[in-house]
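Any read-out appearing in this document is the output of simple, stated calculations on the displayed coordinates, not a laboratory observation. Since we're looking at a predicted model, the values are computed, not measured. Here the Cβ positions follow ideal geometry from the backbone for every residue, glycine too, while neighbour counts run over all protein chains shown.
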Amino acid sequence: MEMNLPSINTDVLNDWMSKPILFVKEGCPWCVEALAYFESKSLSLNIVDVRKDPSKMKDLIAASGQSKTPTLQNGDFVVADFDIGEFEDAMFKNPAEAKNLGL
């Protein structure tokens, strides 16, 4: 029996998979601040709201070992539960990752 499966645009899929993920929660003031910060830096992100899609909470916990937001994941690099000062400190301590992110 032949099945007609929908085609997947691999360019879109690869683009989505290559972007850093920012886990947020609707109503979180630190998340609002982080979103504005990354927008000001023109950093393209995949935004995952774990309140709007609770099934993504397992991804947040798997990535960071905790459930707080904002949390940024870029491959194996994770900055969890941060404010902007803490994120900038993480970038200062990890210049290769900062460069990788274009910051």
Determine whether the stretch 73-82 contains at least one residue that is under 20 Å from GLU26 (Cα atoms), of a type in the set (Phe, Trp, Tyr) and out of contact with any helix residue (DSSP H, G or I) (no Cβ under 6 Å at 6 or more places or on another chain).
-> yes
Per the filter on the stretch 88-102, residues under 21 Å from ALA36 (Cβ atoms) and assigned to a loop (DSSP other than H, G, I, E, B) are GLY102
Over the stretch 60-80, the set of residues closer than 19 Å to ALA34 by Cα and among the acidic types (Asp, Glu) is none
Counting only residues in the stretch 50-87 that are in a helix (DSSP H, G or I) and of a type in the set (A, V, I, L, M), the one surrounded by the fewest Cβ atoms within 10 Å (Cβ to Cβ) is identified as ALA62
Note on the stretch 20-49: residues of a type in the set (A, V, I, L, M, F, W, C), out of contact with any strand residue (DSSP E or B) (no Cβ under 6 Å at 6 or more places or on another chain), surrounded by 12 or more Cβ atoms within 10 Å (Cβ to Cβ) and farther than 17 Å from GLY75 by Cα are CYS28, TRP30, VAL32, ALA34, LEU35, PHE38
